[in-house]
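Notes for the one structure printed next.
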Amino acid sequence: MIHSKSKKQIYGKILLSVILTLISVVMVIPFILTIFTSLKPMSEIQSANFTVLPQNWQFGNYAAAMNRGHWPSYFLNSIIVTACTVFFAVLFNTLAGYAFARMNFKWKTPLFFFMLIGIMVPAQVTLIPTFFMMKSFPLAGGNSLFGMGGTGLLDSRAGLIIPYIAGSFGVFLCRQFYLSFPRSLDEAADIDGAGKWLTFFKIYIPLSKPVIATLVITKSVSIWNDYLWPMVLINSDTKKTVQLGLTMFRNESVVQWNYLLAATVLVILPLILVFILFQKYFVGGIIASGLKG
């Protein structure tokens with residue numbers, strides 16, 4: 001009976017491995033095709049006879065794509081915007097999540113559920129109000145103290161960063177994660193005379209690697225790949241992000257697929273690096289954040 005059960009477990013693991021392998025292959029195939037297509041000349045891409053591997057390998061597509069526009073500025077803008085947004089988002093989300101999970105204050109539950117409305121509202125709904133808020137930002141872009149007379153934070157990196165610093169999903173994730181901590185941790189900190197701030201930075205933050213890694217990955221992907229908000233806010237070519245830079249390879253009549261896909265591959269690489277650096281804690285953060293409601 002035990003032997004039969006162990007054989008079923010082995011077969012189950014083999015079947016699961018096969019299924020996961022097939023899913024992985026299906027998910028990787030588009031990226032592989034993107035790489036191969038980026039190495040083809042346009043004549044091959046437009047040819048009626050499709051081939052996976054290029055017949056004439058065009059490694060120069062990458063150099064040619066990067067020579068269009070101001071790609072050093074595009075990458076620098078995206079790196080600065082993403083890094084600043086992620087840093088402040090992690091700081092504020094962990095603080096808010098800690099407050100909702102470990103502190104008692106008036107209207108705590110109603111405030112938390114009110115904050116969760118932000119998860120349910122699409123970004124497109126708040127796009128125009130956010131635009132006018134950035135335009136009327138006090139003492140910026142020639143504006144007065146009352147936000148009048150200038151352009152505010154339009155066409156600036158700060159205008160790209162500020163709206164995405166806070167996020168309902170990040171606060172929810174951190175709250176759920178901190179709810180899994182034993183109450184004895186706070187009691188021990190109180191006995192030692194540590195206040196709320198010291199407890200948070202000395203005890204909770206060092207134990208928050210999983211949820212911080214999760215926030216870093218999800219926020220980095222979201223900000224780096226954002227197209228709609230930069231398109232609305234940015235006018236200057238030197239202030240564009242990488243997603244806006246990709247639009248130079250298409251117009252009303254033609255899309256330069258070889259250059260577009262070559263640039264796309266290069267744009268994806270920083271996200272792959274971020275995931276490699278933080279993936280060790282990523283799954284643990286997702287699991288731990290769902291332990292308690």
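The values are calculated or read from the model by the stated rules, or taken from the named source; none is laboratory data. These numbers come from a predicted model, not from an experiment. Backbone-built Cβ (ideal geometry, glycine too); neighbour counts: all protein chains shown.
Got at least one residue in the stretch 239-249 being surrounded by fewer than 19 Cβ atoms within 10 Å (Cβ to Cβ), charged (D, E, K, R) and either out of contact with any Phe, Trp or Tyr (no Cβ under 8 Å at 6 or more places or on another chain) or modelled with pLDDT of 80 or more (or both)?
No: zero hits.
Among the listed residues 189, 213, identify the single one that is free of Cβ contacts under 8 Å to residues at least 60 places away in the same chain, at negative phi and buried (at least 16 other Cβ atoms within 10 Å of the Cβ).
So the residue among 189, 213 that is free of Cβ contacts under 8 Å to residues at least 60 places away in the same chain, at negative phi and buried (at least 16 other Cβ atoms within 10 Å of the Cβ) is 189.
Applying the selection to the stretch 10-56, what residues are among the polar types (S, T, N, Q), more than 34 Å from the chain's Cα centre (by Cα) and surrounded by 10 or more Cβ atoms within 10 Å (Cβ to Cβ)?
Of everything in the stretch 10-56, those that are among the polar types (S, T, N, Q), more than 34 Å from the chain's Cα centre (by Cα) and surrounded by 10 or more Cβ atoms within 10 Å (Cβ to Cβ) turn out to be 43, 47, 55.
Search the stretch 47-66 for residues that are over 17 Å from residue 260 (Cα atoms) and in contact (Cβ under 8 Å) with a residue 24 or more places away in the chain and pair each with any residue that is assigned to a loop (DSSP other than H, G, I, E, B) and of a type outside the set (Val, Ile, Thr) when their beta-carbon atoms are under 6 Å apart and the residues are at least 6 apart or on different chains.
none
Just one of 146, 177 is more than 30 Å from residue 225 (Cβ to Cβ) and among the aromatic types (Phe, Trp, Tyr); which is it?
So the residue among 146, 177 that is more than 30 Å from residue 225 (Cβ to Cβ) and among the aromatic types (Phe, Trp, Tyr) is 146.
Hey, can you tell me all the residues within the stretch 45-86 that are under 23 Å from residue 215 (Cβ atoms) and among the polar types (S, T, N, Q)?
If the condition is that a residue be under 23 Å from residue 215 (Cβ atoms) and among the polar types (S, T, N, Q), then 77, 78, 82, 85 are the ones that fit.
Of everything in the stretch 129-173, what is in contact with a helix residue (DSSP H, G or I) (Cβ under 6 Å, 6 or more places away or on another chain), surrounded by 19 or more Cβ atoms within 10 Å (Cβ to Cβ) and among the hydroxyl-bearing types (Ser, Thr, Tyr)? Give them in sequence order.
Of everything in the stretch 129-173, just one residue is in contact with a helix residue (DSSP H, G or I) (Cβ under 6 Å, 6 or more places away or on another chain), surrounded by 19 or more Cβ atoms within 10 Å (Cβ to Cβ) and among the hydroxyl-bearing types (Ser, Thr, Tyr), namely 164.
So residue 218 passes all but one of these: (1) touching a residue at least 60 places away in the same chain (Cβ under 8 Å); (2) within 18 Å of the chain's Cα centre (by Cα); (3) under 20 Å from residue 87 (Cβ atoms). Which condition number does it fail?
Going through (1) touching a residue at least 60 places away in the same chain (Cβ under 8 Å); (2) within 18 Å of the chain's Cα centre (by Cα); (3) under 20 Å from residue 87 (Cβ atoms) one by one, residue 218 breaks only (1).
Limited to the stretch 144-159, what total is found for residues that are under 26 Å from residue 82 (Cβ atoms) and either small (Gly, Ala, Ser) or assigned to a loop (DSSP other than H, G, I, E, B) (or both)?
Selection size over the stretch 144-159: 8.
May I ask you to list pairs of residues, at least six apart or on different chains, whose Cβ atoms are under 7 Å apart, with the first in the stretch 100-115 being under 17 Å from residue 177 (Cα atoms) and the second being modelled with pLDDT of 85 or more and charged (D, E, K, R)?
100/108; 100/175; 101/175
Go through the stretch 139-170 and count every residue that is over 29 Å from residue 97 (Cβ atoms) and free of Cβ contacts under 8 Å to residues at least 40 places away in the same chain.
So the count comes out to 14.
Of the residues that make up the stretch 139-156, is at least one under 21 Å from residue 234 (Cβ atoms), among the charged types (D, E, K, R) and at pLDDT 85 or above?
Among the residues of the stretch 139-156, at least one is under 21 Å from residue 234 (Cβ atoms), among the charged types (D, E, K, R) and at pLDDT 85 or above, which makes the answer yes.
Considering only residues of the stretch 95-128 that are surrounded by fewer than 10 Cβ atoms within 10 Å (Cβ to Cβ), part of a helix (DSSP H, G or I) and of a type outside the set (Val, Ile, Thr), which is modelled with the lowest pLDDT?
The extreme case among them is 120.
Any residue at all in the stretch 203-214 that is at pLDDT 90 or above, under 22 Å from the mean Cα position of the chain (by Cα) and of a type in the set (S, T, N, Q)?
No, that holds for no residue.
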